[in-house]
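Written out below as structure tokens is the structure these notes cover.
The values are calculated or read from the model by the stated rules, or taken from the named source; none is laboratory data. Because the structure is a prediction, the values reported are computed rather than measured. Neighbour counts run over all protein chains shown; Cβ positions are idealised from the backbone, glycine included. Quick note on the areas: whole protein, heavy atoms, side chains included, nothing else; ligands and nucleic acids left out. Shrake-Rupley method; radii C 1.70, N 1.55, O 1.52, S 1.80 Å.
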Number of protein chains: 2
Amino acid sequence: MNALDQLIELLARMPGLGKKSAGRMSYWLLQADDDFNQALGQAISQIKDKIHPCVECGNYSDSERCEICANPTRDQVQLCVVEQPQDVQTIEATGEFRGIYHVLHGVLAPLDGIGPEELGLQNLLRRSKEHQVKEIIIATNPTLEGDSTAMYIQRLFKDQDVKISRLATGLPVGGDMEYADTLSIARSFRARLALED
Amino acid sequence: MNALDQLIELLARMPGLGKKSAGRMSYWLLQADDDFNQALGQAISQIKDKIHPCVECGNYSDSERCEICANPTRDQVQLCVVEQPQDVQTIEATGEFRGIYHVLHGVLAPLDGIGPEELGLQNLLRRSKEHQVKEIIIATNPTLEGDSTAMYIQRLFKDQDVKISRLATGLPVGGDMEYADTLSIARSFRARLALED
């Protein structure tokens with residue numbers, strides 16, 4: 001196997017890339033500027049040395065505490081629980097939330113040996129007491145695992161004076177009923193909102 | 001801009017990758033095995049040092065002459081002209097061709113300053129004389145530029161005793177008439193084949 005086949009094989013292991021797109025990329029890299037290849041190669045080799053989970057919330061950061069945790073203007077009493085660091089970016093992009101985050105780096109999956117301890121859920125309880133959090137918004141994915149993780153967190157906080165909420169599920173904005181799945185439509189019925197006049 | 005944003009930005013410059021898929025890859029790399037990241041980073045940094053165009057045909061190779069040019073069992077009198085090195089792989093995958101290749105690394109594009117000299121078409125003439133080539137199969141893409149490049153090559157060889165052919169255009173096998181473009185259908189009419197009984 002020559003260096004080109006090796007590169008294609010390595011690239012094809014990345015998520016969302018098949019043999020064909022990995023091939024297209026490799027041929028593109030062969031015609032790319034060498035400075036670009038050096039920069040990209042180095043960026044990939046060094047990414048795990050440079051970026052770490054924030055010691056506070058688990059979000060990825062190049063410093064010990066992430067920008068959000070280090071920002072005193074963020075609302076410390078509203079805490080949003082997400083599965084993955086990339087969910088933080090997604091929510092930040094909406095501009096809808098000004099509180100702090102807690103990244104689980106996973107969901108409860110008993111069959112895979114991931115229980116409350118592996119997710120560090122006691123840490124979430126400790127943090128929310130420290131910050132005297134008033135509301136926890138659970139933004140785990142609307143999947144079976146995301147739902148059961150949300151339920152577990154709800155029960156974990158049942159003796160605390162903390163409001164627990166969960167992101168609404170329903171029809172995606174701009175979507176078409178025809179293409180929505182039955183479960184989303186069912187949930188959007190149950191969670192229907194009264195229109196005021 | 002931190003190292004993570006930099007990595008996303010670099011990956012997003014690759015063909016077929018947008019900001020979103022570059023982000024998904026970067027987060028995946030943060031959780032990947034460090035050995036994998038080192039291997040991929042190095043493979044990208046070094047690819048241009050390890051792989052070069054074959055001195056004979058222009059196909060990419062890790063040695064001076066590519067495997068096909070170095071293979072004495074390939075039919076030296078049939079030569080297939082392609083635009084890019086990846087086209088060699090595509091044709092090899094069909095198992096349909098046992099001759100040698102000539103990679104142009106482009107097509108005639110006078111507006112971009114790419115003329116016969118930039119494509120090294122005299123080199124193609126020289127090579128085909130050297131190998132006493134009997135047939136040249138032009139496999140440039142069925143685009144405006146690919147067609148005019150094919151026509152130029154045809155004229156270049158008009159005084160030579162060489163059969164010139166061009167890959168057939170028409171309906172893709174397994175395709176549906178309904179989804180074929182008009183031009184392909186038009187061409188498949190003109191190039192229709194008589195059925196024997």
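Among the numbered criteria (1) modelled with pLDDT of 95 or more; (2) in contact with a strand residue (DSSP E or B) (Cβ under 9 Å, 6 or more places away or on another chain), which single criterion is violated by B:Ile47?
(2)
Under 18 Å from B:Ser45 (Cβ atoms) and in a loop (DSSP other than H, G, I, E, B): which single residue out of A:Met14, A:Met25 fits that description?
A:Met14
For the range A:52-73, name all the residues that are within 11 Å of chain B (Cβ to nearest Cβ) and surrounded by fewer than 20 Cβ atoms within 10 Å (Cβ to Cβ).
A:His52, A:Pro53, A:Asp62, A:Ser63, A:Glu67, listed by residue number.
Could you please tell me which pairs satisfy a Cβ distance under 8 Å, a separation of 6+ or placement on different chains, a first residue in the range B:16-38 that is within 7 Å of chain A (Cβ to nearest Cβ), and a second residue that is open to solvent by less than 80 Å² (accessible area, probe 1.4 Å) and charged (D, E, K, R)?
Sorted first by the residue in the range B:16-38, then by its partner, the pairs are B:Leu29/A:Lys48; B:Leu30/A:Lys48; B:Asp34/A:Lys48; B:Asn37/A:Lys48.
If A:Gln76 satisfies every condition in (1) assigned to a helix (DSSP H, G or I); (2) open to solvent by less than 70 Å² (accessible area, probe 1.4 Å) but one, which is the exception?
Failing condition for A:Gln76: (1).
What number of residues in the range B:15-33 are closer than 19 Å to A:Cys54 by Cα, open to solvent by less than 60 Å² (accessible area, probe 1.4 Å) and not polar (S, T, N, Q)?
Residues meeting the conditions: 5.
Of the numbered conditions (1) modelled with pLDDT of 90 or more; (2) out of contact with any helix residue (DSSP H, G or I) (no Cβ under 8 Å at 6 or more places or on another chain); (3) surrounded by 15 or more Cβ atoms within 10 Å (Cβ to Cβ), B:Leu111 satisfies every one except a single condition; which is it?
Only one criterion in (1) modelled with pLDDT of 90 or more; (2) out of contact with any helix residue (DSSP H, G or I) (no Cβ under 8 Å at 6 or more places or on another chain); (3) surrounded by 15 or more Cβ atoms within 10 Å (Cβ to Cβ) is unmet by B:Leu111, namely (3).
Is the range A:2-9 home to any residue that is more than 22 Å from A:Thr149 (Cα to Cα), facing chain B (nearest Cβ under 10 Å) and of a type in the set (Gly, Ala, Ser)?
Checked the range A:2-9: at least one residue is more than 22 Å from A:Thr149 (Cα to Cα), facing chain B (nearest Cβ under 10 Å) and of a type in the set (Gly, Ala, Ser).
Considering (1) surrounded by fewer than 18 Cβ atoms within 10 Å (Cβ to Cβ); (2) aliphatic (A, V, I, L, M); (3) at the interface with chain A (Cβ under 7 Å from one of its Cβ atoms), say which one B:Ala12 fails and leave the rest.
It is condition (3) that B:Ala12 fails.
Only one of A:Asp161, A:Asp75, A:Asp147, A:Asp87 is of a type outside the set (Phe, Trp, Tyr) and in contact (Cβ under 8 Å) with a residue 40 or more places away in the chain; which?
The conditions single out A:Asp87.
Contact list please: Cβ distance under 8 Å, first residue in the range B:165-189 and open to solvent by 60 Å² or more (accessible area, probe 1.4 Å), second residue in a helix (DSSP H, G or I), pairs at least six apart or on different chains.
Between residues of the range B:165-189 that are open to solvent by 60 Å² or more (accessible area, probe 1.4 Å) and residues that are in a helix (DSSP H, G or I), the close pairs are B:Arg166/B:Ala150; B:Leu171/B:Met177; B:Leu171/B:Ser184; B:Leu171/B:Ile185; B:Leu171/B:Ser188; B:Pro172/B:Ser184; B:Met177/B:Ile185.
A:Leu104 - would you say it is touching a Phe, Trp or Tyr at 6+ places or on another chain (Cβ under 8 Å) and either within 11 Å of chain B (Cβ to nearest Cβ) or among the aliphatic types (A, V, I, L, M) (or both)?
Spelling it out, it is not the case that A:Leu104 is touching a Phe, Trp or Tyr at 6+ places or on another chain (Cβ under 8 Å) and either within 11 Å of chain B (Cβ to nearest Cβ) or among the aliphatic types (A, V, I, L, M) (or both).
Rundown of residues vs (1) touching a helix residue (DSSP H, G or I) at 6+ places or on another chain (Cβ under 9 Å); (2) modelled with pLDDT under 95, yes/no style:
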{"residue": "A:Leu11", "(1), (2)": "yes, no"}
{"residue": "A:Pro15", "(1), (2)": "yes, yes"}
{"residue": "A:Gly18", "(1), (2)": "no, yes"}
{"residue": "A:Phe36", "(1), (2)": "yes, no"}
{"residue": "A:Gln42", "(1), (2)": "yes, no"}
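Considering only residues of the range A:138-197 that are within 21 Å of the chain's Cα centre (by Cα) and in a strand (DSSP E or B), which is modelled with the lowest pLDDT?
Ranking the candidates gives A:Arg166 first.
Consider the range B:39-48. How many of its residues are open to solvent by 20 Å² or more (accessible area, probe 1.4 Å) and either under 21 Å from the mean Cα position of the chain (by Cα) or more than 9 Å from every other protein chain (Cβ to nearest Cβ) (or both)?
Qualifying residue count for the region: 1.
Among the residues of the range B:114-149, how many are open to solvent by less than 70 Å² (accessible area, probe 1.4 Å) and of a type outside the set (Val, Ile, Thr)?
Within the range B:114-149, residues that are open to solvent by less than 70 Å² (accessible area, probe 1.4 Å) and of a type outside the set (Val, Ile, Thr) number 17.
Restricting the search to the range A:108-156, which residues are among the small types (Gly, Ala, Ser) and in contact with a Ser or Thr (Cβ under 6 Å, 6 or more places away or on another chain)?
Of everything in the range A:108-156, those that are among the small types (Gly, Ala, Ser) and in contact with a Ser or Thr (Cβ under 6 Å, 6 or more places away or on another chain) turn out to be A:Gly146, A:Ala150.
Whether any residue in the range B:87-96 is at the interface with chain A (Cβ under 9 Å from one of its Cβ atoms), on the phi < 0 side of the Ramachandran plot and open to solvent by less than 10 Å² (accessible area, probe 1.4 Å) is what I want to check.
Checking the range B:87-96: not a single residue is at the interface with chain A (Cβ under 9 Å from one of its Cβ atoms), on the phi < 0 side of the Ramachandran plot and open to solvent by less than 10 Å² (accessible area, probe 1.4 Å).
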